Each structure stands twice: as structure tokens, then as C-alpha cells.
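K.L.:
Quick one: structure below, then a few questions.
The values are calculated or read from the model by the stated rules, or taken from the named source; none is laboratory data. Note that the structure is a prediction, hence the values are computed from the model and not measured. Neighbour counts run over all protein chains shown; Cβ positions are idealised from the backbone, glycine included. Ligands, DNA and RNA are excluded from the accessible area calculation, which covers all protein heavy atoms including side chains. Shrake-Rupley method; radii C 1.70, N 1.55, O 1.52, S 1.80 Å.
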Amino acid sequence: MIDGVKQQKWWGWGEEGKAYHYEDKPKFPKFVLEKVGVDITKPTVTVPPFSSLEVPASQLSDGLRAELNAILGERFVQTDDETRVVHAFGKGVRDLVRVRRGELGRVPDVVVYPGTEDEVIKLVDAVVAADGVLIPFGGGSNIVAALEAEPGETRQVVSVNLGRMRNLLEIDETSGLALIEAGVFGPDMETQLNARGWTMGHHPDSFVWSTLGGWIATRSSGMQSDKYGDIADITRGLTMVMPGQVLELRPLPSYSSGPSVREMVLGSEGRLGIITKAWVNVHRIPEVRELQAYFFATYEDGLKACQQIVESDASVMMARVSDALETQYIMANGKQSSKISSMASKAIQKLMESKGWDLENICLSFVGYEGSTNHVRYEKGLVAKIVKANNGIGVGKGPGTLYDQKKYDTPYIRDFMLDRGIVADVSETTTPWAYAAELHTNVVAAAHKAMQERGVNGVVFCHLSHSYHSGACQYFTFAIKDDSEENLITYDAVKRAIQQAFMDNHATVSHHHGVGEEHSPWLDQDISPAGVFIQRKLFEGVDPGNNLNPGKIIHDGAPGISSNSADHVDAL
């Protein structure tokens, strides 16, 4: 461990000692038993001790080790087994299943921790000169196989952790811009900005365990992007170290300088170089921040309301609506209600029944407001009218406050489910408003069909998470009961059905998780073969030696195939 650099546990999400618990959520075991057919009070799988893993030996040569030691210092050149395994994977379901089984694939030979941009420049040149492989590593939260070396890789693999480069360097208060090092984690970044009265406003689900550089490399989006924009909107300039040269993009508000180089870097997943720092939009901390909860009679009503909110004069920071099953999941995941809150819930239920709502179809929505007191009051008034016009009702701040407090704990539930033989994952996409409801229906149907064909029980649910002028992101969660040795084959079948349903319903391969290896098989349908050709030529032109995170975005196999056996290939 390097002082000040956070590291996730090798077998799952987040820090050791922190986990999801159901004991204070009395309705949740019944929900999972009814929907998936699993008694979550009885774990069926245990995490093996790290000592049981057969970690491949490091292939780092004495020559490259000496060069890296000279550049960084021996302390920041790590070859111990646990550090290398932690940096071998992201936190996708496929990653978690395989690492628990000891199927480690091509583990990095060394993990390096540069502390300055000059060190990054020197180590990139040294590794490329040695014909090694460079894989940038942020917080390790990636779920699309963007961090794993290709299985047949015979060259030396170097994982580059920028966790020491985590400082707020400068704020241009006149322009509302901040220059920040790329290795900073979300909470540390906001702490530094908040201390000077500013915020970036970017809060992805992975906020606690992801970095600024990782957000840029995957085109991240956050919970508050309806107001602050996606990371592509927030990032105005950046520095990226490439083999033999350094890209410097100034923080300009807009420009007409040919095809956008900034756009080429956004979402490049380490294929073009290592991002070391970025200029980003920042904003004064708002006077008021408030989340209000609403219910709609149906998911379609909620979708229409979100579209109308975007089209209105209300500039909300978040407009989210969950479908009926996700609403049931959220309500089942709540803690034991107090007597007062139970009475309030019964009163709301009676109101819904008086309106003729089917309580199995109700959908929970959160809308977030920020700004001055008068501005927030004005926006809430506009939204209240839109909600009412779309068969919805407001239920106050209580549910929103609880959501705000627990929003970063959700990823821990995947480890909990794996311990009980449930494979759970997410896929997200965007589509124009005209197809939003149809997409939801067809994706859910495709996932269930795939589960039926595999003979397994499971659920799939969804929420609208980000809204735009022309459409929205819908974020699907699916959970499958399968504790067999073939659970990754089952996972593949369902994941592939969902991704193909995106392609068949006017949607994109991913909204903010990126491509990696998981999503690359659908790129030619998403951006056309000509688009893939352009991307391929870009990567080949910048990186002719294929040293920069090879196999990501442009990948000729099926998702996960490169990391599994021939039997797995045949099964697909």
C-alpha cells in the first residue's frame, strides 16, 4: 500500500470491512425470495483467502525494473501479488466471479505510482521503448473490462496508478475553471474545491472509488448531470502524456479547430495516452440543495414528466424515475419504518387508491433542485404542475434525503448477492424520447427471454437517470439466480440479449460506462463499420506499437471471450 492512495479489496467493491447488510431491512429478504427465488439469509458462497490464489509470477525484467526504480524510486514500483491482482481487474461481475475463482488471466507485472507529470512522461517513454504495455488505472471501479491485459500478452504489463497525483492545482475564479490532477478521487476533489467555496457537481455512482482521469477516459456521467453536464461538458482542457510527446489542450469555452482533439481523448480508455490533469468547469456552492420525491401511476407517466421538465424553464440538477419493479426494490430496501412514517405511508397509499392507481405499477421519482431560495421555489412550482399533469403526486423531502445519504452504497450489494448465488449487473443506454417507453418494454422482454432459455430465475428493472433535449438515459439492473460453474455463460446470454435489444431499439451501446471489451462487439451496429474504421485508424496512428491498453474499444472477439476458455467460446 502507498500512503494516501486508496485501494479497493481484491475480491469485491470498496474497502475491507464495509459491506451490504439486510438485517435492518425487514422487507428485503421477502422481496428477493419472491422475485428471484433465493433466501438471502443463507449465504451459499464464501470468498477464498488470498493465500489460496495461484498468482502468476511477475515477468518484469531486471532492466525495466531498474529504469522504473530510477524514475520513480523503489517504493513506488510494486510487484507484490495482492497489489498486482487488485490492478488486474475492474469491478464488473465477470471480474468478481473470476477473481473469486482464482481465474486471474494476465496479471500486471508491476504497478507504478508516479507523483509528477514529468515522471509519467519518463515512464511512458521507458515502457514503450521496452515494448511493454501501459494500462492507466484510476480507482479500479470500471465494469466493462477496460483494465485487464489481453490474455495472450507476452510483453511486460505495467499498470499505472495515478493516486499520488490528486491535487487541486489552480482555480480561475473569474472564468469558473479549475485545474486538477487526474488521479484525484471524487470525495477528495470535492473536499479541496468546497474548502474554497466551489464544486464541480459531478457525482457518478462510483464517486467514492473513481477518479477525474477515469471519468474523462470513459465519458462518465453523474447523478447531477442534468444541471452540470456530463464529464464531456465539464472538461474544457487537459494534458495527456503520449509516447514521445505531450498533448496540451487549453481550457477554451468553444472553438473551431478542425475535428475535436478533446473529443478524441474523451472516452479513449487509455488507448491514446495517460491523462495527467484537466481543466474543468466549477461552480459556486449553491445556497440551497434539495431532493423531492414524487410518485407516478405508471412508468410511462414518469417518462413523460421527465421530458416535460427538460423542456420547461426548470433547470433541475436531477430528474429520475424508477419503473414499477425498481420502485418495489427501493421500498423493500428501506429500513424499519417508525410509527409516524408508517402512518404517513398508509395515508399516501390511501390517496393512490382513491385515484384508482394499481399499487403494483406505481413508480418513484426523485427531482433535485439547487440554487437560490427563490430559484428553487420557482422550479419546484413548475415541476409540481408538470407532475400533476402527468398523473403524479409529491411526497416531500424524506425519501430524497434517504436516497442522498445512501447513494454511494449501492455497489456493495453485488458482492452480497454473489455470496448468495445471484449474479447481478447493470447496463445503461440512451435513446430519443420517441422510443424511450418502447426501449424499456423490449429490453425487459429480451432479458427475461434469455433467462427463460437458460432455465434460470431472475429480475430486470430500470430507472431513467439522465435527461437531455432529445432523449434520456435508461439504466437497467438485472439479477440472475445461478450459483453453478456456468453462471458466466448465463450472464453472457442475458447481457448479450440486453445489449442487442439496445441496438434493435434506436439506442447506444453505453451512456457512461464506456466500451472496454464488454461492449465492443456492438460498436459496428452503434457507430457503423465506417465509425469503427475511423477509431481503429486513430488508435493505430497514435500507437503503432499497440502499447497503450490494447484490446479496448476496438476488440475483435465477443465480450469476455478473450479472458475465458475455448469451452466458454463454444458455449456461446
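K.L.:
Where residues in the range 10-31 are surrounded by 13 or more Cβ atoms within 10 Å (Cβ to Cβ) and free of Cβ contacts under 8 Å to residues at least 24 places away in the same chain, which of them is nearest to GLY115 (Cα to Cα)?
P.N.:
Only one residue tops the list, namely GLU15.
K.L.:
I've got another one for you. Yes or no: SER260 farther than 25 Å from LEU523 by Cβ and either surrounded by fewer than 19 Cβ atoms within 10 Å (Cβ to Cβ) or without any contact (Cβ under 8 Å) to a residue 60 or more places away in the chain (or both)?
P.N.:
Judged against the criteria, SER260 is not a match.
K.L.:
Where in the range 340-443 are there strands (runs of 3 or more DSSP E), lying wholly inside it, with at least 2 residues that are within 30 Å of ILE40 (Cα to Cα) and in contact (Cβ under 8 Å) with a residue 40 or more places away in the chain?
P.N.:
The strands (runs of 3 or more DSSP E) meeting that bar are 363-371, 422-432.
K.L.:
Something else about it: For the range 29-72, what are the residues that are within 30 Å of VAL160 (Cα to Cα), among the aliphatic types (A, V, I, L, M) and part of a helix (DSSP H, G or I)?
P.N.:
LEU64, ALA66, LEU68, ALA70, ILE71, LEU72
K.L.:
Across the range 512-527, what is the number of residues that are in a loop (DSSP other than H, G, I, E, B) and among the hydroxyl-bearing types (Ser, Thr, Tyr)? Talk me through it step by step, then tell me what you get.
P.N.:
The first filter runs over the range 512-527 and keeps only residues in a loop (DSSP other than H, G, I, E, B), leaving 512-519.
Narrowing further to those that are among the hydroxyl-bearing types (Ser, Thr, Tyr): none.
Counting residues in the range 512-527 that are in a loop (DSSP other than H, G, I, E, B) and among the hydroxyl-bearing types (Ser, Thr, Tyr) gives 0.
K.L.:
Sticking with this one: Quick check on this structure: which one of ALA66, ALA88 is of a type in the set (Gly, Ala, Ser), over 23 Å from the mean Cα position of the chain (by Cα) and at pLDDT 95 or above?
P.N.:
After ruling out the rest, the residue left standing is ALA66.
K.L.:
Out of GLY302, GLY214, GLY237, GLY270, I need the residue that is part of a helix (DSSP H, G or I) and touching a strand residue (DSSP E or B) at 6+ places or on another chain (Cβ under 6 Å). Which one?
P.N.:
GLY302
K.L.:
Quick one: LEU252 ticks every box in (1) closer than 30 Å to GLU540 by Cα; (2) touching a strand residue (DSSP E or B) at 6+ places or on another chain (Cβ under 9 Å); (3) in a loop (DSSP other than H, G, I, E, B); (4) touching a residue at least 60 places away in the same chain (Cβ under 8 Å) except a single one, so which number is it?
P.N.:
Condition not satisfied by LEU252: (4).
K.L.:
Hey, any hits in the range 171-185 for a residue that's modelled with pLDDT of 95 or more, surrounded by 22 or more Cβ atoms within 10 Å (Cβ to Cβ), assigned to a helix (DSSP H, G or I) and not small (Gly, Ala, Ser)?
P.N.:
Step one: list which residues in the range 171-185 are modelled with pLDDT of 95 or more, which gives 171-185.
Narrowing further to those that are surrounded by 22 or more Cβ atoms within 10 Å (Cβ to Cβ): 178, 180-185.
The next check asks that each one be assigned to a helix (DSSP H, G or I); those that pass are none.
There is no residue in the range 171-185 that is modelled with pLDDT of 95 or more, surrounded by 22 or more Cβ atoms within 10 Å (Cβ to Cβ), assigned to a helix (DSSP H, G or I) and not small (Gly, Ala, Ser).
K.L.:
Against the conditions (1) surrounded by fewer than 19 Cβ atoms within 10 Å (Cβ to Cβ); (2) modelled with pLDDT of 95 or more, where does GLY152 fall short? Just the number, please.
P.N.:
(2)
K.L.:
Out of ARG101, ARG75, ARG106, which single residue is under 26 Å from the mean Cα position of the chain (by Cα) and over 16 Å from PHE137 (Cβ atoms)?
P.N.:
On the way: ARG75 fails: under 26 Å from the mean Cα position of the chain (by Cα); ARG106 fails: over 16 Å from PHE137 (Cβ atoms).
Answer to the selection: ARG101.
K.L.:
Moving on. State the number of residues belonging to the range 466-480 that are out of contact with any Ser or Thr (no Cβ under 8 Å at 6 or more places or on another chain) and surrounded by 22 or more Cβ atoms within 10 Å (Cβ to Cβ).
P.N.:
Final tally of qualifying residues: 2.
K.L.:
Can we say GLY302 is buried (at least 17 other Cβ atoms within 10 Å of the Cβ), at pLDDT 95 or above, touching a Phe, Trp or Tyr at 6+ places or on another chain (Cβ under 6 Å) and not aliphatic (A, V, I, L, M)?
P.N.:
So GLY302 fits the description; yes.
K.L.:
For the range 311-333, indicate whether the set of residues that are farther than 16 Å from THR410 by Cβ, assigned to a helix (DSSP H, G or I) and open to solvent by less than 10 Å² (accessible area, probe 1.4 Å) is non-empty.
P.N.:
The answer is no; no qualifying residue exists.
K.L.:
Taking the residues in the range 84-117 that are basic (Lys, Arg) and over 19 Å from GLU518 (Cα atoms) as candidates, determine which candidate is surrounded by the fewest Cβ atoms within 10 Å (Cβ to Cβ).
P.N.:
So the residue we want is ARG101.
K.L.:
Now, a different point. Residues of the range 39-80 being open to solvent by 70 Å² or more (accessible area, probe 1.4 Å) and under 30 Å from ASP483 (Cβ atoms), which ones?
P.N.:
LYS42, PRO43, THR44, THR46, PRO49, SER51, GLU54
K.L.:
Can you tell me how many residues within the range 538-558 are in a loop (DSSP other than H, G, I, E, B) and either modelled with pLDDT of 95 or more or closer than 28 Å to VAL124 by Cα (or both)?
P.N.:
So the count comes out to 14.
K.L.:
Related question: List pairs: first in the range 168-188 and on the phi > 0 side of the Ramachandran plot, second open to solvent by less than 20 Å² (accessible area, probe 1.4 Å) and at pLDDT 95 or above, Cβ under 8 Å, 6+ apart or cross-chain?
P.N.:
Between residues of the range 168-188 that are on the phi > 0 side of the Ramachandran plot and residues that are open to solvent by less than 20 Å² (accessible area, probe 1.4 Å) and at pLDDT 95 or above, the close pairs are GLY176/VAL282.
K.L.:
Being touching a strand residue (DSSP E or B) at 6+ places or on another chain (Cβ under 9 Å) and among the polar types (S, T, N, Q), is that true of even one residue in the range 45-65?
P.N.:
Step one: list which residues in the range 45-65 are touching a strand residue (DSSP E or B) at 6+ places or on another chain (Cβ under 9 Å), which gives 58-60, 64-65.
Pick out the ones that are also among the polar types (S, T, N, Q) and you get 58-59.
The answer is yes, given that some residue of the range 45-65 is touching a strand residue (DSSP E or B) at 6+ places or on another chain (Cβ under 9 Å) and among the polar types (S, T, N, Q).
K.L.:
Among the numbered criteria (1) modelled with pLDDT under 95; (2) closer than 30 Å to MET331 by Cβ, which single criterion is violated by LYS6?
P.N.:
(2)
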